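**Q** Have a look at the structure that comes next, please.
The values are calculated or read from the model by the stated rules, or taken from the named source; none is laboratory data. Computed from a prediction, not measured in an experiment: that's the story for all the values here. Neighbour counts run over all protein chains shown; Cβ positions are idealised from the backbone, glycine included. All accessible areas refer to the heavy atoms of the entire protein, side chains included, with ligands and DNA or RNA removed. Shrake-Rupley method; radii C 1.70, N 1.55, O 1.52, S 1.80 Å.
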Amino acid sequence: MFNDRILYALAVVFYGASMVYSVFLWRRGFRQDDRTNFGILLFGFALNTVALCKRGIYFDRCPVNNLYEAMVFLTWSLAGICNALNFSPKLRFVGVFTSPVLFSLGVFALMPSLDVKHGGHPNFANGPTSLHAALVILGYGAFGLASVAGLMFLTQENDLKRHKTRALLSLLPSIQKLEQTIGRLMIAGFTLLTAGLAVGALWVPLPEGKTFFGDLKVIWSAGLWLLYLVLMVLRWAFDQRGRRFAWGAVLGFAIIVLTFWGANLGSAIHHP
């Protein structure tokens, strides 16, 4: 029987295969409604799911206790939402833009130094803490898909400006549909993030001698929550639509990916 790390490595291989195949779809200008990429991503998601389940069953807890497990959960949530969107013909090409993100996160997650074993009683052994971690990471996944939709929006807008024929022949969704998708995914991510932070603040016991005040991860999470709140207020209250909103979704998730590790490692609560 394969252990969870080997299964996850196989999932990353499928995510990489999807990324390579996506290059051919991109070069053809998204003119062919191809289900092959959907199938490759589905296999990767299935392996990712089994790896996550095996890890959870083995440790008897929600498998989000270290950076490796958080990455496995994040790629699982991204791939799951992506496969759900792939059932819509209008959004089938979302996998083309998601697969490079999944592959990059997966390769990073497989670094041996990230899978640090916490002996005895893991931080996320109890229900409220597991729920807190799961909700927050699912929120990150929704933000990741919003950034993917943002990239699709920017690609389609660029084609409309410079390659009118290619844009007309492309099977990508319209920029109006993509903007709606970005908005809905951002609302979903913000709702999940808010719920996760609320569970963490109200019901998760702190390590002995630790407080929320001054903790790097708490400050980072509050800043991230405010960032997405500002993006949504600008979108719906001040009519900041189109290209600016798409770039906001892309850059917001880039900030999460680039700063999450430092905030987590520098937190006395999350990484004692």
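**Q** Which distance in nm do the two modelled labels at PHE108 and LYS161 give, with both placed 7 Å along the Cα-to-Cβ direction?
**A** In this crude spin-label approximation the distance works out to 2.8 nm.
**Q** What number comes out for the charge environment of SER174, summing +1 per Lys or Arg and -1 per Asp or Glu over other residues with Cβ under 12 Å away? Intermediate results must be reported in sequence, preceding the final value.
**A** Numbers: positive: LYS90, LYS177; negative: GLU157, ASP159, GLU179.
Residues near SER174 contribute -1 overall.
**Q** Would you mind classifying the stretch 220-272 by shape? Square roots of the alpha carbon gyration tensor eigenvalues, ordered a ≥ b ≥ c; an a/c under 1.5 is rounded, otherwise it is prolate if a/b is larger than b/c and oblate if not.
**A** Note, shape of the stretch 220-272 comes out oblate.
**Q** Moving on. Where a ≥ b ≥ c are the square roots of the eigenvalues of the C-alpha gyration tensor, would you call the chain rounded, which needs a/c under 1.5, or, failing that, prolate if a/b is larger than b/c, or oblate? Don't skip to the end; give the middle numbers.
**A** Details: a/c = 2.50, a/b = 1.39, b/c = 1.79.
Oblate, because a/c is 1.5 or more while a/b does not exceed b/c.
**Q** Still on this structure, I have one more. Of all the accessible heavy-atom surface of the chain, with the other protein chains kept in place and a 1.4 Å probe, what percent is carbon and sulfur? Intermediate results must be reported in sequence, preceding the final value.
**A** On the way: 9070 of 13080 Å².
C and S fraction of accessible area: 69 percent.
**Q** What is the angle, in °, between the Cα long axis of helix 36-59 and the longest principal axis of the Cα atoms in the chain? Nearest 10 is fine, range 0 to 90.
**A** 0
**Q** Within 10 Å, count the other beta carbons around each residue, average over each peptide in 72-78, 181-187, and list them highest first.
**A** 72-78, 181-187
**Q** Here is a further query. Enter the accessible area per residue of the chain (Å², integer; probe 1.4 Å; all protein chains in place).
**A** With all protein chains present, the chain gives 48 Å² per residue.
**Q** Let me ask you something else. Report the relative contact order of the chain, percent, no decimals, based on alpha-carbon pairs under 8 angstrom and at least 6 residues apart.
**A** Relative CO of the chain lands at 20 percent.
**Q** Name the shape class, rounded, prolate or oblate, that the alpha-carbon gyration tensor gives for the stretch 182-272, where a ≥ b ≥ c are the square roots of its eigenvalues, rounded holds for a/c under 1.5, and otherwise prolate holds if a/b is larger than b/c and oblate otherwise.
**A** Prolate, because a/c is 1.5 or more and a/b exceeds b/c.
**Q** Gaussian network model of the chain, Cα springs within a sub-10 Å range: biggest mean-square fluctuation belongs to which of LEU193, LEU227, LEU41?
**A** Greatest mean-square fluctuation among the candidates belongs to LEU227.
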